[in-house]
Each structure stands twice: as structure tokens, then as C-alpha cells.
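Trainee: Before anything else, here's the structure in question.
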Amino acid sequence: MARPIQIAPSVLPADFSKLGREVAALEAAGVDLIQWDVMDGQFVPNLTFGPDVIASARAHCTVPFEAHLMVLTPDVMAQQYVDAGCSRLIVHAEACTHLHRTLGNINSMGARGAVALNPATPASAIEHVLDLVDLVLVMTVNPGFGGQAYIPTMEPKIARIRAMIDAAGLADDVDLEVDGGIGPATIQGAAAAGANVLIAGSALYRDPAGLEHAVTELRGLAEAAVA
Ligand code: DX5
């Protein structure tokens, strides 16, 4: 059975001076989980959330947290992000010398490991770790900043990874996530290609009708694309 459509925000566009209220508002708007874009200023030219920031927001909502670790050394701080309340850690294949070991270590911490691929990285990079993850993230922008344009040439890669997941007999166990430039004009292409977890930042926060309208609209568009 196809994995359900999930709409999840990137917290990047939120007001960082009131993150507790921001995550509560996201939960009230109907998001399925919240993604924290963790950036170290080295893997990507931006710097964002340490584990203490995430821990401070944890008590303000009940939806799952996932940390998208756009960092050079995910092994060094993985446990701290688990301790901060993230139930999934997404590491970049490009940042892991020993990706198989890193994912296994995360799973041993009581969180679920997941793997992200930058636009230039081929789907084959995750061929031998699908049994260690509950999600594969296909970046539809080059990581580091919100508000970038969706890269439509990622859609064949999304489809290939969906086929890999299904061929491995993991269709009921592994989600396929996309992140970057997801909005009303792009979500249907990504969902039709095989993505079922859709990350949106700008599209949620720039909707003049508010967060709940944006979440509901994106969910409806994605579900219509796979109906
Ligand atoms: C890139 C970030 C963004 C963010 C979503 O490193 O990961 O993709 O989550 O940004 P929008 O939805 O504004 O493109």
C-alpha cells in the first residue's frame, strides 16, 4: 500500500525569537511532522540550529521532529540531536565516509536513520543502505537556503528511488521525501514522481491565507496527484 502523503514544514522561515509558539502554530495548522534544517556553515554556507534550540521547542508541540543534518560530521553530534527530541536524523550521503555505519549507529541510538541526496548525487548512492533507513530525502534544491527554485530535473531521480524502494520490498516501510522549492506549482510533479513526504518552508509562510490554508492546499494537491 502506498505510503500516505505527509506535509512537513521547514522551520527556516519561522520567527526564531518565538520558536515555541511557532511550532505550536505549525501543529495547529495540521503538519504531520516538523523538519529542523541543521546547518554547520561548512557542508553548506549557512548556520542554524544547535541541539539546545531544538530541545527548547520540543515541549511546545507533540508532532515528531526530524533533523536534516546538513553538516560535515554528522557522527559527532547525532546523539545530541536525538537527546534534543528528534526521532529521525537525516544525514547526507555526501558527508558520510562510512554511510552504512553512520546509519546503523543512529538506529542504535533509538532514533531512525534517513539519508539525503544532493541534486548531483545519483540514486545509486543509497542502493545498499535502504534496509537501514525509514526515509530517503531527494533534495530538489542545492542545500543551504530556503526560497530557492525547485529543480524539476530531480523528478526522474525521485521516480528511480521510488522504484528502488519498491523493488527492495520496502514500499510499506520507507518514505520518500523531497525538500526545496515545494509549493502549489511544484508539489504535484514531485508527488506524481513518487515523493510522499513533502517539505515546504516559503510556500507555507508566504501564504496570505495562513499556515492552515497552505498545509491543507498542499496536502490536497499532493493527494490529487497520486489519486
Ligand atoms: C535547503 C533547505 C530548504 C528548506 C525549504 O537547505 O532545506 O529546502 O528546507 O525551503 P523552501 O520550501 O523555502 O524552498
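Trainee: Determine the distance separating the Cα centre of the stretch 96-121 from the Cα centre of the stretch 47-81; give it in Å without decimals.
Mentor: About 15 Å separates the Cα centre of the stretch 96-121 from the one of the stretch 47-81.
Trainee: What is the dipole size for the stretch 6-226, taken about its Cα centre, with +1 at each Lys and Arg Cβ and -1 at each Asp and Glu Cβ, in debye to the nearest 20?
Mentor: 220
Trainee: Nearest 500 deg cm²/dmol is fine: what mean residue ellipticity at 222 nm does the chain get from its DSSP H runs of n ≥ 4 alone, each adding -39,500 (n - 2.57), divided by its residue count?
Mentor: Dividing the helical sum by the residues of the chain leaves -10000 deg cm²/dmol.
Trainee: Another question, then. Find the relative contact order for the stretch 153-227 and round it to a whole percent, using C-alpha pairs within less than 8 Å whose residues are 6+ positions apart.
Mentor: So the answer I get is 31 percent.
Trainee: Rounded to the nearest Å, what's the spacing between the alpha carbon centres of the stretch 9-31 and the stretch 199-227? Just the number, please.
Mentor: 15
Trainee: Let me ask another. Quick check on the stretch 155-223: take the gyration tensor over C-alpha atoms, sort the square-rooted eigenvalues as a ≥ b ≥ c, and tell me if it's rounded (a/c under 1.5), prolate or oblate.
Mentor: prolate
Trainee: Among Thr186, Thr97, Thr48, which comes first, then next, by fewest other beta-carbon atoms within 10 Å?
Mentor: Thr97, Thr48, Thr186
Trainee: For His100, His68, what's the fewest-to-most ordering of other Cβ within 10 Å of each Cβ?
Mentor: The most exposed by this proxy come first: His100, His68.
Trainee: For the chain, place one equal point scatterer on every Cα, skip the solvent, and apply the Debye formula. What is log10 of I(q)/I(0) at q = 0.07, 0.13, 0.14 Å⁻¹?
Mentor: -0.19, -0.68, -0.81
Trainee: Right, next: Tell me, Thr102, Thr62 in order of fewest to most beta-carbon neighbours within 10 Å?
Mentor: If I rank by nearby Cβ atoms, fewest first, I get Thr62, Thr102.
Trainee: Which one of Pro184, Gln148, Ile165 is farthest out on the positive end of the charge dipole of the chain, using unit charges on Cβ (Lys, Arg +1; Asp, Glu -1) and the Cα centre as origin?
Mentor: Final value for the positive-end residue is Gln148.
No lab work stands behind these numbers, since they all come straight from the coordinates. Model, not experiment: these values are computed from the prediction. Ideal geometry is used to build each Cβ from the backbone, glycine not excepted, and the neighbour counts take in all protein chains shown.
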